[in-house]
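Trainee: Dropping a structure here in structure tokens format, bear with me for questions.
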Amino acid sequence: MLSNGRVFPDYESAELGIATQLAIKSISKATGATQKEIGKKFTSLGDLGLVVEHFASDKKQATLGSEHLTVEKVFKVIQEIAKQTGKGSQERKLSLISSLITSATPLEAKYLIRTLLQQLRVGIAEGVIRDSIAKAFGVSPQSVERAWNMKSDFSEIALVAKKHGEDGLKKVKLEIGKSVQVLLAEKSPDLKTALDSFDNPAVEWKMDGMRCQIHKQGNKVLIFTRRLENVTHQFPDLVKLVQKYVKSEECIIEGETIAIDKKTHRPLPFQVLSQRIQRKHEIGRMVNEIPIQINLFDVIYVNGKQLFGEPLKYRRKILERIIKPSDEFRIIGQLVTKDLKKAEKFYKEALKNNQEGVMVKNLDAIYIPGRNVAGGWLKVKPTMENLDLAIVGATWGTGKRSGWLTSFVLAVRDPDTNRFLECGMMSTGIKEKKENDTDVTYESMTKMLKPFIEKTEGGIVRIKPKIVIEVAYEEIQKSQNYSSGFGLRFPRFVRIRNEKSERESETMERIQKMYDMQKKV
Ligand code: AMP
């Protein structure tokens, strides 16, 4: 773990809590240099590792009786430092750190300080550690990897490899409280390809939130992110929901947590939720200000049984059995279909609800944790850069939308002729009613565009290209239906570009370039 630049496995939320000032004091105590001297050197070198190396080379303090450092000893002392809390903890930390520096050679001191400040710059890639363990103990890298996927702590895996070899590694099981590497998704170029990839696909919304792996044992609940950071402290509301709505004694379940608007109860983008993830203080206030909702999509362990080897359709059944769903604690909706039309409708709904797209999952696939594996999940989302387009037309709405302009005709500029050429029709993303401050409604669009109406024919109007909007989409297709020869698939309103004049909207050249680019993706 130390070689990885870390002091604790990812799943432990323990922190060393060593501030620069404390490190400076410790260096002073160990080397005899004054804090002022150290501070000055730090300003010029910008790295306390280099600073301690410098001062340790000409130690003023006698280091009589200091012993040689071993990795084991360093590790022990570091764990000891982390345990110090409360009154007098700073002094105790100071003397532990300075005792380490005193026993270290200048070079060792450099890496010690960087490790303590969690600034070690030689973080070794996980693959290298895996291969080193394999080589050192004569086991296969695959079995080290498999074991590590179950328990993401190399120090423990190395010990198993040393004591019990290959067989021991094969027997490594997940343990509640120790995070498991998660199953990841692959990208699909489009929805059709994704649906065609599986005999038995299910489509789910790809929610714009935080992946949570939740461990429950009795009343004890732990929450990990996708990168296996422990965020239990930041989400006491989620802990309560688990305690209330999970019926099994023990389980590991996964889902996506999203932020919810307090007033409208609508999903909010990830940026809002991220304020909660980062928050260490005043958690209660944040819980109140930014309520959450979780959408559960998998279960990998229940009451002593690992479920990795079971197909998704079975895992989902178990999930439905152990969860009592509520508004905030949901099981994610699934559309089981191979029908492109139905799936497209579902995809559109996800985008309309401000979600990222959809996940197409193989209902027959087992759960394979870890990276670089085809796990049976394909994500489909509009990944192309948004386009700034001019509005050149619209249709008058009917029924409850009468009096409003609804579908909007989008266009790109041809710089050679200065004409605007059509490239799509859009209505997704415009709201019926204003729910958030940032919402743009049909009514406000109509007000804005009305002065520029040139001609009305039936329910269709031609509009002078004056208003530029940012549009997201899934794909650019060649199309006979539009004068530019291109059509946007699933265009979605993002925002009005007030600051842009029509002359700054996208050009034909650019849309051609984007079209060519997407073929390479
Ligand atoms: P990506 O980060 O683009 O590779 O997509 C994978 C991530 O999508 C997962 O790690 C989850 O955090 C998130 N996600 C959102 N909705 C779902 C879903 N229905 N099933 C699985 N993952 C989801």
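The values are calculated or read from the model by the stated rules, or taken from the named source; none is laboratory data. Predicted, not measured: the structure shown is a model, and the values here were computed from it. When we count neighbours, we look across all protein chains shown, and the Cβ atoms used for this are built from the backbone with ideal geometry, even at glycine. Ligands, DNA and RNA are stripped out before the accessible areas are found, and what is left, the full protein with its side chains, is counted by its heavy atoms. Shrake-Rupley method; radii C 1.70, N 1.55, O 1.52, S 1.80 Å.
Trainee: Which listed residue (V471, S505, Y442) has the Cα farthest towards the positive end of the charge dipole for segment 439-521, taking +1 on Lys and Arg C-beta and -1 on Asp and Glu C-beta about the Cα centre?
Mentor: S505
Trainee: Next question, about the same structure. Within segment 396-482, which trypsin sites (Lys or Arg not before Pro) sit in a loop by DSSP and count at most 10 neighbouring Cβ atoms inside 10 Å?
Mentor: Listed in order of number, the matching sites are K433.
Trainee: Here's another thing I want to ask about it. Å³ per residue of the Cα convex hull, for segment 320-425?
Mentor: Hull volume over Cα atoms, normalised by residue count, gives 213 Å³.
Trainee: Please give the per residue accessible area of segment 191-380, computed with a probe of 1.4 Å over protein heavy atoms only, in Å².
Mentor: Per residue, segment 191-380 has 45 Å² of solvent-accessible surface.
Trainee: From Cα pairs below 8 angstrom and at least 6 apart in sequence, can you work out the relative contact order of segment 289-388, rounded to a whole percent?
Mentor: 27 percent
Trainee: Please work out how much accessible surface V128 shows to a 1.4 Å probe, ignoring ligands, DNA and RNA, in Å² rounded to 10.
Mentor: 80 Å²
Trainee: Moving to a separate point now. Please list, ordered by chain and number, the residues whose modelled amide H lies under 5 Å from the amide H of A33; skip anything fewer than 5 residues away on the same chain.
Mentor: K60
Trainee: Less than 14 Å Cβ to Cβ from T43, Lys/Arg counted +1 and Asp/Glu -1: what total charge do the surrounding residues give?
Mentor: Neighbour charge sum, excluding T43 itself: +1.
Trainee: Also: Compute the long axis of helix 20-31 from its Cα atoms, compare it with the longest principal axis of the Cα atoms of the chain, and write down the angle in degrees, 0 to 90, nearest 10.
Mentor: The angle comes out near 20 degrees.
Trainee: Counting only protein heavy atoms and a 1.4 Å probe, tell me what percentage of segment 183-230's accessible area is made up of carbon and sulfur.
Mentor: After summing per-atom areas, the C and S share lands at 41 percent.
Trainee: Hey, which of these cross-link pairs are over 23 Å Cα-Cα: K76/K163; K187/K500; K187/K434; K83/K280; K244/K317?
Mentor: In this structure, K187/K500; K187/K434 lie more than 23 Å apart at Cα.
Trainee: Translational D (Stokes-Einstein, µm²/s) of segment 375-521 at 25 °C and 0.890 mPa s when Rh comes from the Kirkwood sum over C-alpha pairs?
Mentor: 155 µm²/s
Trainee: Using a simple charge model, +1 on the beta-carbon of Lys and Arg, -1 on the beta-carbon of Asp and Glu, nothing else, what dipole does the chain show about its Cα centre, in debye to the nearest 20?
Mentor: 760 debye
Trainee: For the Cα atoms of the chain, what angle does the longest principal axis make with the long axis of helix 71-83, in degrees from 0 to 90, nearest 10?
Mentor: Tilt of helix 71-83: around 70 degrees.
Trainee: Further question: Report the gain in length on full extension from T105 to S501: 0.36 nm times residue separation, minus Cα-Cα distance, nm rounded to one decimal.
Mentor: 136.1 nm
Trainee: Accessible area per residue for segment 387-518 in Å², computed with a 1.4 Å probe and the full protein assembly in place, what is it?
Mentor: 51 Å²
Trainee: For helix 106-116, report the angle its Cα long axis makes with the longest principal axis of the Cα atoms of the chain; keep it between 0 and 90° and round to the nearest 10°.
Mentor: 50 degrees
Trainee: Mind listing the phi-derived Karplus ³J(HN,Hα) values for segment 203-208, rounded to whole Hz, using 6.51, -1.76 and 1.60 with θ = phi - 60°, and x for any glycine or proline?
Mentor: 10, 10, 5, 8, 6, 8
Trainee: A further question on this structure: What fraction of the DSSP beta bridges in the chain is antiparallel, stated in percent and rounded to the nearest 5?
Mentor: Close to 90 percent.
Trainee: Please report the carbon-and-sulfur percent of the accessible area for segment 17-116; probe 1.4 Å, protein heavy atoms only, DNA, RNA and ligands left out.
Mentor: 56 percent
Trainee: Counting alpha carbon pairs within less than 8 Å and at least 6 residues apart, what relative contact order, in whole percent, applies to the chain?
Mentor: Reported as a whole number, the value is 11 percent.
Trainee: Convert each backbone phi in segment 150-163 into a coupling constant with the Karplus relation 6.51 cos²θ - 1.76 cosθ + 1.60 (shift: θ = phi - 60°), then list the ³J(HN,Hα) values in order as whole Hz, x for Gly and Pro.
Mentor: 6, 9, 7, 9, 5, 5, 6, 5, 4, 5, 4, 4, 5, 7
Trainee: Here is a further query. Taking amide H atoms as placed 1.01 Å from N in the peptide plane, list the residues 5 or more away in sequence, or in a different chain, whose amide H sits under 5 Å from that of R419.
Mentor: For R419, whose amide H was placed from the backbone, the distant partners under 5 Å are D414.
Trainee: Counting pairs of alpha carbon atoms under 8 Å apart in space and at least six apart in sequence, what relative contact order in percent does segment 387-518 give?
Mentor: 30 percent.
Trainee: Explain nothing, just compute: Karplus ³J(HN,Hα) = 6.51 cos²θ - 1.76 cosθ + 1.60, θ = phi - 60°, for every residue of segment 287-292 in order, whole Hz, x for Gly and Pro.
Mentor: Once θ is set to phi - 60°, the couplings for segment 287-292 become 4, 6, 6, 10, x, 10 Hz.
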